[in-house]
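The values are calculated or read from the model by the stated rules, or taken from the named source; none is laboratory data. Since this is a predicted model, take the numbers as computed values, not measurements. With ideal geometry, Cβ positions are generated from the backbone for all residues, glycine too; neighbour counts draw on all protein chains shown. The accessibility values were calculated without ligands, DNA or RNA, using every heavy atom of the protein model including side chains. Shrake-Rupley method; radii C 1.70, N 1.55, O 1.52, S 1.80 Å.
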Amino acid sequence: MLYGKEHVRRYQETDGAEGHDWNNTTVLLLTTKGRKSGKPYTTPLIYQRHGDDHVVVASKGGDPDHPEWYKNLKANPDVEVQVKGDKFKARAHTASDEDKPALWRLMTSTWPDYDEYQRKTDRDIPVVVLERIT
């Protein structure tokens, strides 16, 4: 099973032929700019489409702290996304309190463990919307 840096490498080498379909769900690559280093960091994340947008969850498996990629996009919301062979720039934002319940249901429909991750932590796990910049 692909994971971490190997997942990113195989996804990039094959335009997602290896790595997009993973554990009965779908994965995109999100590249953020390090908030301290300024270096690019690429993370494989489960996603779903919502209209023209892509939705991901900053779960970190229910850890009490946000994942680094989420901290990076909070500092700089301009990101790069790869879905299979489609590479594009996007602007990331955390779903509003109004939008989050429907987006959370969308994401738990593809990865039910998100509900368990939320139960494990006092942190309100963010749902992130990635809007393509044309």
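If you go through segment 8-19 one residue at a time, do you hit one that is touching a Pro at 6+ places or on another chain (Cβ under 9 Å) and closer than 20 Å to Thr134 by Cβ? The answer is no, given that none of the residues of segment 8-19 is touching a Pro at 6+ places or on another chain (Cβ under 9 Å) and closer than 20 Å to Thr134 by Cβ. Residues of segment 35-59 that are without any contact (Cβ under 8 Å) to a residue 24 or more places away in the chain and basic (Lys, Arg): Lys36, Lys39, Arg49.
In segment 114-134, the residues that are β-branched (Val, Ile, Thr) and at pLDDT below 95 form Cβ pairs under 9 Å with partners that are part of a strand (DSSP E or B) and open to solvent by less than 20 Å² (accessible area, probe 1.4 Å), at six or more places apart or across chains, as follows: Thr134/Phe88. Which ones in segment 35-57 are in contact with a strand residue (DSSP E or B) (Cβ under 6 Å, 6 or more places away or on another chain) and over 17 Å from Ala95 (Cα atoms)? Scanning segment 35-57 gives Pro40, Tyr41, Thr42, Thr43, Pro44.
Where strands (runs of 3 or more DSSP E) fall wholly inside segment 69-134, the ranges with 1 or more residues that are of a type in the set (S, T, N, Q) are 78-83, 86-94. Summed over segment 43-68, residues that are over 16 Å from Tyr114 (Cα atoms) and not in a strand (DSSP E or B) total 3. Restricting attention to segment 48-101 and to residues that are out of contact with any Gly (no Cβ under 8 Å at 6 or more places or on another chain) and of a type in the set (S, T, N, Q), the residue that is least open to solvent (accessible area, probe 1.4 Å) turns out to be Ser59. Lys60 satisfies every condition listed in (1) of a type in the set (D, E, K, R); (2) under 25 Å from Trp104 (Cβ atoms); (3) touching a strand residue (DSSP E or B) at 6+ places or on another chain (Cβ under 9 Å) except (3).
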